[in-house]
Amino acid sequence: MELTIIGSGTGLPSKTRAYPCTLVKIKKSHLVFDTGPGSLRQLFLAGITYLDIDHIYYSHFHPDHSLDLVSILFAMRYSDPKRTKPLSITGPTGLKAFYEGLLLVFGETIKPKTFELLFREIEKGEMVFDDWKIVVKPLQHSQHSIGYRIESMEGKTLTYSGDTGYCDGILHLAKKVNTLVLECSFPDDQKVEGHLTPRLCAQIASESQCDRLVLSHFYPVCDTSRKNNKQLDNALKGIYKGEIVLAEDFVRITV
(Lines give C-alpha, C1' and ligand atoms only; values in the text may rest on other atoms or scores of the structure.)
Protein backbone atom coordinates (compact mmCIF):
# COMPACT_ATOMS: atom_id res chain seq x y z
CA MET A 1 0.00 0.00 0.00
CA GLU A 2 1.29 3.46 -0.92
CA LEU A 3 0.06 6.83 0.36
CA THR A 4 0.47 10.07 -1.62
CA ILE A 5 -0.59 13.43 -0.20
CA ILE A 6 -1.98 15.17 -3.29
CA GLY A 7 -3.06 18.33 -1.48
CA SER A 8 -2.07 19.21 2.09
CA GLY A 9 -3.86 22.55 2.35
CA THR A 10 -7.35 23.80 3.16
CA GLY A 11 -10.02 26.07 1.72
CA LEU A 12 -7.69 29.09 1.87
CA PRO A 13 -5.27 29.67 -1.02
CA SER A 14 -1.63 28.77 -0.46
CA LYS A 15 1.46 29.12 -2.64
CA THR A 16 2.73 25.73 -1.48
CA ARG A 17 -0.32 23.67 -0.53
CA ALA A 18 -3.17 22.52 -2.77
CA TYR A 19 -6.72 21.84 -1.60
CA PRO A 20 -7.32 18.56 0.26
CA CYS A 21 -6.85 15.34 -1.69
CA THR A 22 -5.19 12.05 -0.74
CA LEU A 23 -4.31 9.06 -2.89
CA VAL A 24 -3.95 5.46 -1.70
CA LYS A 25 -2.66 2.82 -4.10
CA ILE A 26 -3.30 -0.85 -3.32
CA LYS A 27 -1.75 -3.14 -5.92
CA LYS A 28 -3.20 -1.77 -9.20
CA SER A 29 -6.16 0.08 -7.66
CA HIS A 30 -6.17 3.85 -7.10
CA LEU A 31 -8.32 5.15 -4.25
CA VAL A 32 -8.81 8.93 -3.99
CA PHE A 33 -9.98 10.48 -0.72
CA ASP A 34 -11.60 13.91 -1.13
CA THR A 35 -11.19 16.09 -4.21
CA GLY A 36 -10.78 19.76 -3.38
CA PRO A 37 -10.49 22.32 -6.22
CA GLY A 38 -7.54 21.56 -8.50
CA SER A 39 -7.22 17.92 -7.42
CA LEU A 40 -7.51 16.60 -10.98
CA ARG A 41 -4.40 18.56 -12.03
CA GLN A 42 -2.57 17.66 -8.82
CA LEU A 43 -3.28 13.99 -9.46
CA PHE A 44 -1.99 14.39 -13.02
CA LEU A 45 1.22 15.96 -11.72
CA ALA A 46 1.56 12.95 -9.43
CA GLY A 47 1.25 10.63 -12.43
CA ILE A 48 -2.44 9.71 -12.04
CA THR A 49 -4.93 10.45 -14.82
CA TYR A 50 -8.72 10.41 -14.93
CA LEU A 51 -8.45 6.92 -16.42
CA ASP A 52 -6.53 5.54 -13.44
CA ILE A 53 -8.97 6.46 -10.65
CA ASP A 54 -10.99 3.44 -9.46
CA HIS A 55 -12.71 4.78 -6.34
CA ILE A 56 -13.41 8.21 -4.88
CA TYR A 57 -14.23 8.46 -1.17
CA TYR A 58 -15.65 11.62 0.41
CA SER A 59 -15.35 12.46 4.08
CA HIS A 60 -17.90 15.29 3.77
CA PHE A 61 -19.12 17.81 1.20
CA HIS A 62 -17.57 21.11 2.18
CA PRO A 63 -16.29 22.80 -1.00
CA ASP A 64 -12.58 22.46 -0.16
CA HIS A 65 -13.00 18.67 -0.02
CA SER A 66 -15.41 17.99 -2.88
CA LEU A 67 -15.63 20.55 -5.68
CA ASP A 68 -13.26 18.93 -8.16
CA LEU A 69 -15.68 16.05 -8.65
CA VAL A 70 -17.10 18.29 -11.39
CA SER A 71 -13.71 18.59 -13.11
CA ILE A 72 -13.07 14.86 -12.83
CA LEU A 73 -16.43 13.85 -14.32
CA PHE A 74 -16.10 16.50 -17.04
CA ALA A 75 -12.68 15.16 -18.05
CA MET A 76 -13.92 11.57 -18.06
CA ARG A 77 -16.79 12.50 -20.39
CA TYR A 78 -14.96 14.55 -23.00
CA SER A 79 -11.30 13.54 -22.98
CA ASP A 80 -9.63 11.04 -25.28
CA PRO A 81 -9.00 8.16 -24.73
CA LYS A 82 -12.44 7.55 -23.28
CA ARG A 83 -12.93 5.99 -19.88
CA THR A 84 -14.75 2.65 -19.99
CA LYS A 85 -14.27 1.08 -16.53
CA PRO A 86 -16.84 1.92 -13.82
CA LEU A 87 -16.15 4.67 -11.28
CA SER A 88 -17.26 4.06 -7.70
CA ILE A 89 -18.02 7.08 -5.52
CA THR A 90 -18.60 6.59 -1.79
CA GLY A 91 -19.54 9.15 0.83
CA PRO A 92 -21.78 9.92 3.79
CA THR A 93 -25.51 10.57 3.71
CA GLY A 94 -26.19 13.29 1.15
CA LEU A 95 -23.83 11.98 -1.56
CA LYS A 96 -26.58 11.34 -4.09
CA ALA A 97 -28.26 14.67 -3.32
CA PHE A 98 -24.87 16.36 -3.75
CA TYR A 99 -24.47 14.83 -7.21
CA GLU A 100 -28.06 15.68 -8.17
CA GLY A 101 -27.36 19.29 -7.19
CA LEU A 102 -24.30 19.35 -9.43
CA LEU A 103 -26.42 17.99 -12.29
CA LEU A 104 -28.83 20.90 -11.87
CA VAL A 105 -25.95 23.27 -12.58
CA PHE A 106 -23.77 21.34 -15.03
CA GLY A 107 -26.29 19.00 -16.65
CA GLU A 108 -25.13 16.60 -19.36
CA THR A 109 -21.53 17.82 -19.15
CA ILE A 110 -20.89 15.65 -16.08
CA LYS A 111 -23.04 12.65 -17.00
CA PRO A 112 -20.99 9.60 -18.06
CA LYS A 113 -21.31 8.46 -21.67
CA THR A 114 -18.86 5.57 -21.84
CA PHE A 115 -18.71 4.21 -18.28
CA GLU A 116 -20.93 3.40 -15.31
CA LEU A 117 -21.06 5.69 -12.28
CA LEU A 118 -21.73 3.85 -9.01
CA PHE A 119 -22.75 5.65 -5.80
CA ARG A 120 -22.76 4.35 -2.24
CA GLU A 121 -23.82 6.26 0.86
CA ILE A 122 -22.53 5.02 4.21
CA GLU A 123 -22.48 6.40 7.76
CA LYS A 124 -20.70 3.50 9.47
CA GLY A 125 -19.82 -0.10 8.74
CA GLU A 126 -17.48 -2.07 6.50
CA MET A 127 -16.95 -2.45 2.76
CA VAL A 128 -15.01 -5.47 1.52
CA PHE A 129 -13.19 -5.62 -1.82
CA ASP A 130 -10.82 -8.13 -3.40
CA ASP A 131 -7.60 -6.59 -2.10
CA TRP A 132 -8.75 -4.42 0.80
CA LYS A 133 -11.43 -3.67 3.35
CA ILE A 134 -12.62 -0.23 4.44
CA VAL A 135 -14.08 0.57 7.86
CA VAL A 136 -16.18 3.72 8.20
CA LYS A 137 -17.07 5.68 11.32
CA PRO A 138 -18.87 9.02 11.86
CA LEU A 139 -16.62 11.87 12.97
CA GLN A 140 -17.15 15.22 14.69
CA HIS A 141 -17.20 17.93 12.04
CA SER A 142 -20.25 18.59 9.85
CA GLN A 143 -23.63 16.88 10.16
CA HIS A 144 -22.55 13.86 8.12
CA SER A 145 -18.77 13.58 8.34
CA ILE A 146 -17.02 10.23 8.19
CA GLY A 147 -13.50 8.84 8.33
CA TYR A 148 -11.98 5.79 6.70
CA ARG A 149 -9.69 2.95 7.78
CA ILE A 150 -8.18 0.98 4.89
CA GLU A 151 -6.99 -2.55 5.62
CA SER A 152 -5.15 -4.40 2.86
CA MET A 153 -5.40 -8.15 2.58
CA GLU A 154 -1.63 -8.20 3.17
CA GLY A 155 -2.16 -6.81 6.67
CA LYS A 156 -1.26 -3.13 6.12
CA THR A 157 -3.53 -0.45 7.61
CA LEU A 158 -4.06 3.27 7.01
CA THR A 159 -6.56 5.73 8.46
CA TYR A 160 -7.72 8.94 6.76
CA SER A 161 -9.59 11.37 8.98
CA GLY A 162 -10.92 14.04 6.67
CA ASP A 163 -11.94 16.93 8.94
CA THR A 164 -12.67 16.02 12.55
CA GLY A 165 -12.44 16.98 16.16
CA TYR A 166 -11.24 14.68 18.93
CA CYS A 167 -13.91 11.94 19.14
CA ASP A 168 -14.49 8.23 19.66
CA GLY A 169 -14.84 7.67 15.92
CA ILE A 170 -11.31 8.70 15.02
CA LEU A 171 -9.87 6.80 17.99
CA HIS A 172 -11.61 3.64 16.79
CA LEU A 173 -10.43 4.06 13.20
CA ALA A 174 -6.87 4.81 14.30
CA LYS A 175 -6.41 1.93 16.76
CA LYS A 176 -2.96 0.36 16.18
CA VAL A 177 -2.98 1.49 12.54
CA ASN A 178 0.28 1.51 10.57
CA THR A 179 -0.20 5.05 9.23
CA LEU A 180 -2.61 7.66 10.59
CA VAL A 181 -3.38 10.71 8.42
CA LEU A 182 -4.93 13.48 10.50
CA GLU A 183 -6.02 16.98 9.69
CA CYS A 184 -4.04 19.57 11.67
CA SER A 185 -5.90 22.77 10.95
CA PHE A 186 -5.10 25.28 13.71
CA PRO A 187 -2.46 26.00 16.37
CA ASP A 188 -3.07 24.72 19.87
CA ASP A 189 -3.94 28.19 21.17
CA GLN A 190 -6.51 28.78 18.37
CA LYS A 191 -8.65 25.64 18.58
CA VAL A 192 -11.73 25.61 16.32
CA GLU A 193 -14.68 23.29 16.93
CA GLY A 194 -14.65 20.27 14.63
CA HIS A 195 -10.93 20.55 13.84
CA LEU A 196 -7.69 19.29 15.36
CA THR A 197 -4.56 21.00 16.64
CA PRO A 198 -1.02 19.54 16.72
CA ARG A 199 -1.25 18.42 20.35
CA LEU A 200 -4.66 16.81 19.82
CA CYS A 201 -3.24 14.95 16.82
CA ALA A 202 -0.36 13.70 18.95
CA GLN A 203 -2.81 12.69 21.69
CA ILE A 204 -4.92 10.66 19.23
CA ALA A 205 -1.78 9.02 17.85
CA SER A 206 -0.58 8.15 21.33
CA GLU A 207 -3.92 6.77 22.52
CA SER A 208 -4.42 4.76 19.33
CA GLN A 209 -0.86 3.36 19.44
CA CYS A 210 -0.37 3.92 15.72
CA ASP A 211 3.05 3.42 14.13
CA ARG A 212 3.23 6.64 12.11
CA LEU A 213 1.40 9.99 12.33
CA VAL A 214 1.02 12.12 9.19
CA LEU A 215 -0.21 15.68 9.78
CA SER A 216 -1.94 17.45 6.88
CA HIS A 217 -4.68 20.02 6.12
CA PHE A 218 -2.74 23.01 7.50
CA TYR A 219 -4.53 26.35 7.53
CA PRO A 220 -2.06 29.19 6.90
CA VAL A 221 -2.12 30.23 10.55
CA CYS A 222 -1.07 26.74 11.62
CA ASP A 223 1.41 26.42 8.77
CA THR A 224 3.11 29.68 9.75
CA SER A 225 3.08 28.71 13.39
CA ARG A 226 4.59 25.34 12.57
CA LYS A 227 7.45 26.84 10.56
CA ASN A 228 8.25 29.43 13.20
CA ASN A 229 8.00 27.12 16.20
CA LYS A 230 11.21 25.06 16.25
CA GLN A 231 10.06 23.32 19.41
CA LEU A 232 6.88 21.88 17.87
CA ASP A 233 8.39 18.53 16.87
CA ASN A 234 9.85 18.04 20.34
CA ALA A 235 6.55 19.04 21.94
CA LEU A 236 4.65 16.48 19.84
CA LYS A 237 7.20 13.79 20.54
CA GLY A 238 6.70 14.46 24.22
CA ILE A 239 3.14 13.18 23.73
CA TYR A 240 3.60 10.64 20.92
CA LYS A 241 6.75 8.52 20.57
CA GLY A 242 6.19 7.19 17.05
CA GLU A 243 7.24 8.59 13.66
CA ILE A 244 5.78 12.02 12.80
CA VAL A 245 5.52 13.32 9.22
CA LEU A 246 4.54 16.93 8.48
CA ALA A 247 2.93 16.48 5.08
CA GLU A 248 3.79 18.42 1.96
CA ASP A 249 2.12 18.12 -1.43
CA PHE A 250 3.24 14.99 -3.34
CA VAL A 251 5.00 13.33 -0.41
CA ARG A 252 4.81 9.54 -0.84
CA ILE A 253 4.88 7.01 1.97
CA THR A 254 5.00 3.24 1.75
CA VAL A 255 2.66 1.80 4.37
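The values are calculated or read from the model by the stated rules, or taken from the named source; none is laboratory data. Owing to the predicted nature of the structure, the values given are computational and were not obtained by experimental measurement. Here Cβ is always computed from backbone atoms with ideal geometry, including for glycine, and neighbour counts include all displayed protein chains. For the accessible areas, the whole protein counts, side chains as well, though only heavy atoms, and no ligand, DNA or RNA atoms are used. Shrake-Rupley method; radii C 1.70, N 1.55, O 1.52, S 1.80 Å.
When nucleic acids and ligands are ignored and a 1.4 Å probe is applied, GLU116 ends up with an accessible area of around 110 Å². Stretching the chain fully between THR16 and LYS111 yields a gain of 30.9 nm (0.36 nm per residue, less the alpha carbon separation).
Probe of 1.4 angstrom, ligands and nucleic acids ignored: what's the accessible area per residue over segment 108-255, in square angstrom? Can you show the working numbers first?
On the way: 7010 Å² over 148 residues.
Result: 47 Å² of accessible area for each residue.
Helical content alone sets the calculated 222 nm signal of the chain at -7000 deg cm²/dmol, taking -39,500 (n - 2.57) per DSSP H segment of four or more residues and averaging over every residue.
Once the Cα-Cα distance is subtracted from the 0.36 nm per residue extended length, the SER29 to TYR78 segment shows a gain of 15.4 nm.
Rounded to the nearest percent, how much of the accessible area of segment 101-187 (1.4 Å probe, protein heavy atoms only) is carbon and sulfur? Whole-percent figure for carbon plus sulfur exposure: 50. When both segment 133-183 and segment 6-41 are represented by their alpha-carbon centers, they are found 17 Å apart. Counting only protein heavy atoms and a 1.4 Å probe, segment 10-61 has 39 square angstrom of accessible area per residue.
Go ahead and run the numbers for FRET between GLU243 and GLU2, Cβ-Cβ distance against an R0 of 25 Å, rounding to 0.05.
0.95
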